[in-house]
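The values are calculated or read from the model by the stated rules, or taken from the named source; none is laboratory data. As the structure is a prediction and not an experimental result, all values here were calculated from the model. Please note: Cβ atoms are built from the backbone with ideal geometry, for glycine as well, and neighbour counts cover all protein chains shown.
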Amino acid sequence: MPPHKKPFDIVEVRFKGTRKEFYRNSANIEFYVNEYVVVEVDNGYDIGKVSLKGDLVKLQLKKYNRSEDSGDFRKIIRKATDADIARLKENQELEVPTMYKARSIAMELGLSMKLSDVEYQGDRRKAVFYYTAEERVDFRELIKRLADAFKVRIEMRQIGYRQEAGRLGGIGSCGRELCCSTWLTDFKLVHTNAARYQNLSLNQLKLSGQCGKMKCCLNFELDSYLEALREFPENNNLVLEFAEGKSYKVIKTDILKRVMWFAPRGEMGGDWISFPVSKAKEYAEMNSRGEKPELVLYRKESLKPETVELDFQNDMGLDSLTRLDEREKSRRNPSKNKGNNPNKPRPKGPNTNGGNQGSFRPQNGPNNREKREQNQRPNQPNPNPIKRDSQPNPEQQNRPQNQNKPASTEPNPNPQQNRDGGNRKPNFRNKNRGPRPNNPNQNRKEKDGGQE
């Protein structure tokens, strides 16, 4: 501030909810907005937050019709310390259980009232109960019961439904927090004419807020709509006469776009036409002079959409969208691709293994084993050809039989049965290694010359 000018000494302090009061800074304490201060009240002190200071407070005083020189302003004692802020938080934690207990007492007494909020004073000497009621309530007995229960001074204050919604808070239909619980402190009367001027449907469910009254936001843009309506004709039932006996009546107005819509008079299902406000005023003036202008209607051209054929083709050049489905089918049913029996007839049709359409395998074709033999190189003969004749091997034919037991001439019904007639499992050891010794230390003795 300049040295020759003193700051305005009246400060606006805000308490819980939307309650605000004015206090005089007689001690010239320096503080900022949103800073906690301790103020003077009846029989004690209270703690609030600075919401406004400087010359802007003069406008608020003028709004509430209060004079700067009046002596009814209380004083600001000091800045709030850490102990004061801690005590304020304790008071806020006690408000919820206090409200629930007070509601139970009011229900026992049978009072037709609704306790919506409780506010403790900064020094916890006084508690203010806010309630709503449709009729007059005799709460003298309630005050006695509450004073005995909480040991503080009790003050009952009736509020309206708008103030109740502002204290409880909530989310509006716009998706944001309620205006009355954040920044709006003055509640103005809202008429249904505000919805008519804005061309809104008179639906009570959509136009009412959580408090049950008309939404406060209907007044926010009302001035801009009223200013735009000055450009429109005052006659709401405007009729325009055109040549060849055509007449159109106003049906709809778009206030923000400055456009008026007309429908043919005396016809059902006729096409609507639109004019700017200036053009509609010009036609109305010509009709007032007895002139009927010519109406030029543009024929609507029917635009047929062009048929565009979309060919799918990815980066790899594959245009089949079901190629992955065929692989999934082959993975789920692997038995269908196994065991191609040449003697089993196969149905004619497309190859499901990804071949060309219409290809099929011949019925009497070679099997897989013969195909591998045919694909071998002709310059390298097979060193171990497979003998397919049914004649026995002469070496096996001259092999001596067991001397202890004569060989049986009957075939062995059990293929797992050995030559001695036992049911032991066949030995799959390598024949070139010889028999396995019974004693595991036998080979070690032979290497050492029979000495252990």
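Which of the following residues is touching a Pro at 6+ places or on another chain (Cβ under 9 Å) and either in the same structural domain as Arg19 (by TED's automatic domain parsing) or surrounded by 13 or more Cβ atoms within 10 Å (Cβ to Cβ) (or both): Phe232, Phe242, Phe187? Testing whether each residue is touching a Pro at 6+ places or on another chain (Cβ under 9 Å) and either in the same structural domain as Arg19 (by TED's automatic domain parsing) or surrounded by 13 or more Cβ atoms within 10 Å (Cβ to Cβ) (or both) leaves just Phe242. Selection of segment 30-46 for residues being among the acidic types (Asp, Glu) and in a strand (DSSP E or B) yields Glu40, Asp46.
Of all residue pairs spaced 6 or more apart or on separate chains, none has beta-carbon atoms under 6 Å together with a first member in segment 256-270 that is exposed (fewer than 15 other Cβ atoms within 10 Å of the Cβ) and assigned to a strand (DSSP E or B) and a second member that is among the charged types (D, E, K, R) and modelled with pLDDT of 90 or more. Ala86 satisfies every condition listed in (1) within 14 Å of Asp123 (Cα to Cα); (2) buried (at least 17 other Cβ atoms within 10 Å of the Cβ); (3) without any contact (Cβ under 8 Å) to a residue 60 or more places away in the chain except (2). Of Ser173, Ser181, Ser201, all but one fail to be closer than 23 Å to Asp46 by Cα and of a type in the set (Ser, Thr, Tyr); the exception is Ser181. Take Ala147 and tell me if it is surrounded by 14 or more Cβ atoms within 10 Å (Cβ to Cβ), in a helix (DSSP H, G or I) and not assigned by TED's automatic domain parsing to the domain that holds Lys20. When the stated conditions are applied, Ala147 does not pass them. The set of residues in segment 111-144 that are surrounded by fewer than 19 Cβ atoms within 10 Å (Cβ to Cβ), assigned to a helix (DSSP H, G or I) and aliphatic (A, V, I, L, M) contains only Ile143. Flag: Thr185 does not match the condition of being without any contact (Cβ under 8 Å) to a residue 40 or more places away in the chain and among the β-branched types (Val, Ile, Thr).
Here Trp183 meets the list (1) closer than 30 Å to Lys89 by Cα; (2) among the hydrophobic types (A, V, I, L, M, F, W, C); (3) not in a loop (DSSP other than H, G, I, E, B) almost entirely, failing just condition (3).
Just one of (1) at pLDDT 90 or above; (2) in contact with a Ser or Thr (Cβ under 9 Å, 6 or more places away or on another chain); (3) of a type in the set (Lys, Arg) fails for Arg153. It is (2). Within segment 181-199, being modelled with pLDDT under 90 and either touching a helix residue (DSSP H, G or I) at 6+ places or on another chain (Cβ under 7 Å) or among the aliphatic types (A, V, I, L, M) (or both) holds for Ser181, Leu184, Phe187, Lys188, Leu189. Of the residues making up segment 279-288, just one is under 47 Å from the mean Cα position of the chain (by Cα) and in contact (Cβ under 8 Å) with a residue 12 or more places away in the chain, namely Ala280.
Of the numbered conditions (1) touching a helix residue (DSSP H, G or I) at 6+ places or on another chain (Cβ under 9 Å); (2) on the phi < 0 side of the Ramachandran plot; (3) not in a strand (DSSP E or B), Ile85 fails exactly one; give the number of that condition. Of everything listed in (1) touching a helix residue (DSSP H, G or I) at 6+ places or on another chain (Cβ under 9 Å); (2) on the phi < 0 side of the Ramachandran plot; (3) not in a strand (DSSP E or B), Ile85 misses just condition (1).
Looking across Asp9, Asp42, one residue alone is of a type in the set (Asp, Glu), under 30 Å from Gly169 (Cα atoms) and out of contact with any Phe, Trp or Tyr (no Cβ under 6 Å at 6 or more places or on another chain). It is Asp42.
The rows are residues; the columns are (1) surrounded by fewer than 16 Cβ atoms within 10 Å (Cβ to Cβ); (2) assigned by TED's automatic domain parsing to the domain that holds Glu155; (3) closer than 23 Å to Arg125 by Cβ.
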position	(1), (2), (3)
Asp42	yes, no, yes
Val57	no, no, no
Gly71	yes, no, no
Glu93	yes, yes, yes
Tyr100	yes, yes, yes
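No other residue among Gly122, Gly160, Gly169, Gly212 is among the small types (Gly, Ala, Ser) and free of Cβ contacts under 8 Å to residues at least 24 places away in the same chain apart from Gly169.
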